[in-house]
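Here is the structure we will look at.
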Amino acid sequence: MASPRPEQKNEPWKDPGAQPYVRLEKLTKRFGDFVAVDDVTLNIYRGEIFCLLGGSGSGKTTLLRMMAGFERPSEGRIWIDGADVTATPPYERPVNMMFQSYALFPHMSVQKNVAFGLRQDKVAAGEIDQRVTDILKLVRMEQFAKRMPHQLSGGQRQRVALARALVKRPKLLLLDEPLAALDRKLREHTQFELLNIQEKLGVTFVVVTHDQEEAMTLATRIGVMNHGGIAQIGTASDIYEYPGSRFVADFIGSVNMFEGRLVEDEPDYVRVASDELGGTFHVGHGVSAAPDATVWVALRPEKIVLSRERPDGDGDNRVEGVVAEVAYRGDQSIYLVKLATGRQMRVTQPNTLRTGTGERIRWDDRVWLSWDSSSPVVVTQ
Amino acid sequence: MNRRSHFVTAMMVAGFLFLYLPIVLMIAFSFNESRLVTVWGGFSTKWYGELFRNQQILGAAWLSFKIAAMNATGATVLGTLAGLALARFGHFCGRPLLTGLATAPLVMPEVITGLSLLLLFVAMEQAIGWPEGRGITTITIAHMTFSMAYVTVVVQSRLATLDESLEEAAMDLGARPAKVFFLITLPIILPAILAGWLLAFTLSWDDLVITSFVTGPGSSTLPVVIFSKVRLGVSPDINALATLLVLAVATFTTVFGLYMIRQQKRRDLEVQRAIAANE
């Protein structure tokens, strides 16, 4: 899950004086009685790769299509670079889109496909040739200019679609599931290529995806969508480490979720008693909730330490159980540990030692699970 | 050979005989010396010569060709527009009605269509003086009313399978809706439109029932002429004419079919090469 992107040097969303490049204001889209997008307000800054992440029916594609101009919002406004484009038709917006199906024109060669947008703008022929050649070089497709779309492989089509969307130098590039049609190996490779190209051209990207790994690799920030609304906005690590709700914690990665009751509430720590856990969480961050309120504690599987011996220290943040399942995954193993309360807990451990060396934890072993007080996250909704 | 394959072979032969024996017989009798159609009197090509001296048949064939071409062109334009409206303009007011009206001629008995068109033409002539009498104009209009339905269905079903994001992509790249249609949609659905044109041509070319309602003196199409001649007894030059028609159709479909197969093979090969070259 490590991000290839070096820590962002500038984080304009943290600067209250920064002007958003794209602003969606109270955007709502209704299809009859069905609310596809529900009151979304969102600021996207220049040069960002903003990922809209959500399951099917979460409204992410409708939101993207409103930015492109294919759907008229029922309410709200869209601003791009200071101009209100809410009522601007798609052929007049400074926005281009890369479609999930790539939508290459089947009766035109690669060269003609890429040149199509420039021709519509009545750019001089010589300049069209130059710009098409340059952009095809950038996506490493210059030797395929004469080919027809059906003579290209999936990865090549993806690059032509990207070139066609970029050649008009849009202020905003929208990408609808850009890598979904590629196989796994090619997808990983293409993710980095996409980052490279974005960095070179400095175009602002909005990417729609249902693939959380893709979102985490690409995005400067992720907007997690649920039921037409934005559940949480943040960097990949914000969203993974500090989920704001049960939905987000559950949607991103895997998580052990325990219902509990706030028994101690201090500014710098809280204690949560959970009947499901059969113990108490000591959580190293403050929570804004009423005392005795019902809360949920989210604990990531890789942040749990598995041991045969009882850990030292006091009685919080630990629990005893029996290993019910072990799944060997090569780089790591997944353990399902059954607690005394009947709940199962998912634990992943890196396989730092080669199998067969040292003593391994097996089925039906009695084990202790423990974790640091910085690991659990308390969510109230 | 086992018993099963004997059975299959027998059924196949029976099927082909059922389909093609009448045509083979007709071709054979077109080379008959005898004037009596059903009695073999020796080989001769004289009926072909006779045919090319028969001004009535040649005139009727030329008239049928003109009507079929005009009808096919008109029906293709109207049918394409109707297909577009049904496939691309969402749920506009009156859409169910248009769907019903556009496709009703597919199931309407031809006698009803012919009769109602005749009544309409007569009433119009009395009211506004057009069309004057019945002839090539009324036949063409009548043919367009029913062959347009076939074009509509062909174009609509092609558009239904056409990825709408192609049109959206063109619009996204700066093309206005009219340009999107002429640069993207039309070239892609052109084969379907051509198929619709050919279908409309064929329907018009061999229509007898509707034509006989709306035809007038001096404008007898080929099917009308053949039918009226046959009522007085089949003459062998009709066999010769039919043979020539079969030959024309067979040549056209064979050449076109072979061309399509070659295109498809070449395309499949290119697709496979593209997949194989995948890095």
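The values are calculated or read from the model by the stated rules, or taken from the named source; none is laboratory data. Here the structure is a predicted model, which is why all the values come from computation and not from measurement. Backbone-built Cβ (ideal geometry, glycine too); neighbour counts: all protein chains shown. Heavy atoms of the whole protein, side chains included, go into the accessibility calculation; ligands, DNA and RNA do not. Shrake-Rupley method; radii C 1.70, N 1.55, O 1.52, S 1.80 Å.
Results, tabulated for the structure shown:
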quantity: For peptides B:247-256, A:177-186, sequence by mean Cβ density within 10 Å, most packed first; calculated: A:177-186, B:247-256
quantity: Helical contribution to [θ] at 222 nm, DSSP H n ≥ 4, -39,500 (n - 2.57), averaged over chain B, rounded to 500; calculated: -26500 deg cm²/dmol
quantity: Computed accessible area, residue A:235, all protein chains, 1.4 angstrom probe, square angstrom; calculated: 30 Å²
quantity: Extreme residue, positive dipole direction of region B:59-234, given options B:169, B:228, B:196 (C-beta unit charges); calculated: B:228
quantity: Total accessible area lost when A and B pair, probe 1.4 Å, Å² to nearest 100; calculated: 2500 Å²
quantity: Given charges at Cβ of Lys, Arg, Asp, Glu: region A:11-151 dipole, positive-most of A:113, A:21, A:97; calculated: A:113
quantity: Which of A:371, A:79 is most accessible, then next, and so on - probe 1.4 Å; calculated: A:79, A:371
quantity: Surface share of carbon and sulfur [accessible, 1.4 angstrom probe, percent] for region B:123-217; calculated: 68 percent
quantity: For residue B:93, solvent-accessible area (1.4 Å; no DNA, RNA or ligand), Å²; calculated: 130 Å²
quantity: Residue-normalised accessible area of the protein assembly as shown, given per residue in Å² at a 1.4 Å probe; calculated: 52 Å²
quantity: Computed [θ] at 222 nm, helices only, for chain A once each DSSP H run of length n ≥ 4 contributes -39500 (n - 2.57); calculated: -6500 deg cm²/dmol
quantity: Reciprocal mean inverse distance between Cα atoms of chain B - Kirkwood radius, Å; calculated: 22.6 Å
quantity: Bridge type composition, the protein assembly as shown - antiparallel percent by DSSP, nearest 5; calculated: 75 percent
quantity: Peptide A:153-160, shielding by other chains (average Cβ, 10 Å cutoff); calculated: 2
quantity: For residue A:237, solvent-accessible area (1.4 Å; no DNA, RNA or ligand), Å²; calculated: 70 Å²
quantity: Residues of region A:112-127 buried by at least 50 Å² on assembly (accessible area, 1.4 Å probe, chain alone as reference); calculated: A:116, A:120
quantity: Accessible carbon and sulfur surface of region A:202-246 relative to its total accessible area, %, 1.4 Å; calculated: 46 percent
quantity: Cα gyration tensor shape of region A:12-246, rounded if a/c is under 1.5, else prolate or oblate by comparing a/b with b/c; calculated: prolate
quantity: Relative contact order (percent, whole number), region A:12-246, Cα cutoff 8 Å, 6+ residue spacing; calculated: 28 percent
quantity: Proximal lysines to residue A:338, defined as alpha-carbon separation beneath 20 angstrom and excluding residues fewer than eight positions away on the same chain; calculated: A:303
quantity: Of A:66, B:123, A:342, farthest towards positive along the dipole that unit charges on Lys, Arg, Asp, Glu beta carbons give the protein assembly as shown; calculated: B:123
quantity: Rounded, prolate or oblate (a/c below 1.5 giving rounded, otherwise prolate when a/b exceeds b/c) for the protein assembly as shown by Cα gyration tensor; calculated: prolate
quantity: List B:167, B:50, ordered by accessible area with a 1.4 Å probe, largest first; calculated: B:50, B:167
quantity: 26 Å Cα-Cα threshold exceeded, pairs from A:14/A:137; A:146/B:179; A:29/A:185; calculated: A:14/A:137; A:29/A:185
quantity: With every protein chain in place, region A:256-379: carbon and sulfur % of accessible area (1.4 Å); calculated: 46 percent
quantity: Region B:238-277: proportion of alpha-carbon pairs further apart than 10 angstrom, %; calculated: 73 percent
